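To start, the structure itself, in structure tokens.
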Amino acid sequence: MELNYLNSIRKQFEYYKHLGEQTFDQLEEKDLFWKFNEESNSIAIIVNLLQGNMKSRWTDFLISDGEKEWRNRDLEFEPIISSKEELLKKWNEAWECLFLALNSINKENFNTEVYIRNQGHTVMEAINHQFAHYSYHIGQIVYVARMIKGDTWKSLSIPKGKSSNYNVEKFSKEKRPEHFSDEILDKKGPIENRLDLINLTFKNGKNS
């Protein structure tokens, strides 16, 4: 059960990392610093927050409190990041820290108690807590990017008006055990592009 959980949650982290990167690919450097208003966070600030949280939570994950003494959370809201290159460097460093920690968890240490601000968690609780937090922030990144791009945005999920085609493609396959992210992570591209290929296949009569 522990290994199945770890495999599943790793794929879900990879999926949300992928969503973030598919978003960055659609943006110009200036877009990363756009804010809806003065009280809003830019994408660059959200990434800075994510990096600060990830480095703090996942460094020495099983043996030290997740809120490190060296973390300065308030500073993470400041415009620290100044370029797309710097943003991607912080992004990749943060995810590397996370995946290294996940890879260190096994059956023998799965029952370790993990502390965050002196609150004890099971390993599963601590991981799920972080997963929910990161998916929340990556959703913010995607939403801000959609506002910036408007009608030039390439959908990262099933685009409007294409649900039927997507369902036809999915239900044309036999039932099978498969994680929802497998196909997405294997193909590494916006789902809109893959649906265009599905449409072409059906138009050419190759759906038999």
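The values are calculated or read from the model by the stated rules, or taken from the named source; none is laboratory data. Quick caveat: nothing in here was measured; it's all calculated off a predicted structure. Every residue, glycine among them, receives a Cβ derived from its backbone with ideal geometry; neighbour counts consider all protein chains shown.
Would you confirm whether or not region 149-160 contains a residue that is loosely packed, with under 12 Cβ neighbours inside 10 Å and modelled with pLDDT of 95 or more?
yes
Within region 39-55, does at least one residue satisfy the condition of being surrounded by fewer than 17 Cβ atoms within 10 Å (Cβ to Cβ), more than 30 Å from Asn111 (Cβ to Cβ), among the charged types (D, E, K, R) and outside the structural domain of Phe180 (by TED's automatic domain parsing)?
Within region 39-55, one or more residues are surrounded by fewer than 17 Cβ atoms within 10 Å (Cβ to Cβ), more than 30 Å from Asn111 (Cβ to Cβ), among the charged types (D, E, K, R) and outside the structural domain of Phe180 (by TED's automatic domain parsing).
Table: residues versus (1) in the same structural domain as Leu62 (by TED's automatic domain parsing); (2) over 30 Å from Phe36 (Cα atoms).
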{"residue": "Leu102", "(1), (2)": "yes, yes"}
{"residue": "Asn118", "(1), (2)": "yes, yes"}
{"residue": "Met124", "(1), (2)": "yes, yes"}
{"residue": "Ile127", "(1), (2)": "yes, yes"}
{"residue": "Gln130", "(1), (2)": "yes, no"}
{"residue": "His133", "(1), (2)": "yes, no"}
{"residue": "Lys162", "(1), (2)": "no, no"}
{"residue": "Tyr166", "(1), (2)": "no, yes"}
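Against the conditions (1) under 30 Å from Glu28 (Cα atoms); (2) not in a helix (DSSP H, G or I), where does Gly150 fall short? Just the number, please.
Of (1) under 30 Å from Glu28 (Cα atoms); (2) not in a helix (DSSP H, G or I), only one is false for Gly150: (2).
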